[in-house]
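What follows is calculated from the coordinates using simple rules that are stated; it is not laboratory data. What you see is a predicted model; the values in this text were computed from it and never measured. So basically every Cβ, Gly included, is an ideal-geometry build from the backbone, and we count neighbours across all protein chains shown.
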Amino acid sequence: MDKKELALLVIDRLKKEYPDADCTLDYNEAWKLLVSVRLAAQCTDERVNVIVKDLFAKYPGIEELALAEPEDIEAIVRPCGLGKSKARDISKCMRMLRDEYDCKVPDTFDELMRLPGVGRKSANLIMGDVFGQPAIVTDTHCIRLTNRIGLVDGIKDPKKVEMALWKIIPPQEGNEFCHRLVYHGRAVCTARTRPYCDRCCLSDICREKQSAED
């Protein structure tokens, strides 16, 4: 089976295993997702969801957060790690949204990439979850699982993984596929323990599992 066929099979099985998979960051406005995904770097989504409650309670909109000093933002988000750089990026991003985008999150990939602290992963997440556009979010789960399964071949660079997946994943499936990889990566195909292959819905088609048995 070639990679496109494998991809379709993986997508189908993960849909059945995690039918309700969605973004694990809590948000109800696009700008809040922008803030949360920046805070999620080297931090768990669970912790971010707790920390942003205080941040958004104190600064309930783009304009309010844009007016805040980076030091005041840092005092709240420090438990997420890398507090100084994250607070600086959030401050610059909110000020740019206020000054250049009338307090609205832009809806194109290139414009999102202009925002401070926003890389391809964040831009894809916003495009997929907020604007319903084709997106592939290459976080650590996506990179680890697609390599193990055999959808990509020993590629660890996020952009290169993304480009390889665009060639084999139907555009309309990419966003939810990546969310399902997060769920599967946390519950079954884990990073810090041996993967639980005995309860994996992909074990019979996983390259790494098959290689281990040969």
Return the distance in nm (one decimal) between the two label points of a simple spin-label model at Leu8 and Trp166, each offset 7 Å from Cα along Cα→Cβ.
2.2 nm
The stretch 107-122 and the stretch 45-88 have their Cα centres apart by a whole-number Å value of 19 Å
Reviewing (1) 18.2; (2) 17.7; (3) 17.1, the figure for Kirkwood radius over Cα pairs in Å actually calculated from this model sits under (1)
Note to self, the chain gives a 222 nm [θ] from helices alone (DSSP H runs n ≥ 4, -39500 (n - 2.57) apiece, / all residues, nearest 500) of -17500 deg cm²/dmol
At a Förster distance of 22 Å, what's the computed FRET efficiency of Lys84 paired with Asp22, Cβ-Cβ distance as r, to 0.05?
0.10
Output the peptides 80-93, 51-64 sorted from most to least packed, where packing is the average of other Cβ atoms within 10 Å over each peptide's residues.
80-93, 51-64
Could you rank the peptides 2-12, 175-185 by their average count of other C-beta atoms within 10 Å per residue, with the highest value first?
175-185, 2-12
Going by C-beta contacts inside 10 Å, put Met113, Met96 in order with the fewest on the left.
Met113, Met96
Here the gain from full extension of Leu67 to Ala187, 0.36 nm per residue of separation minus their alpha-carbon distance, amounts to 39.2 nm
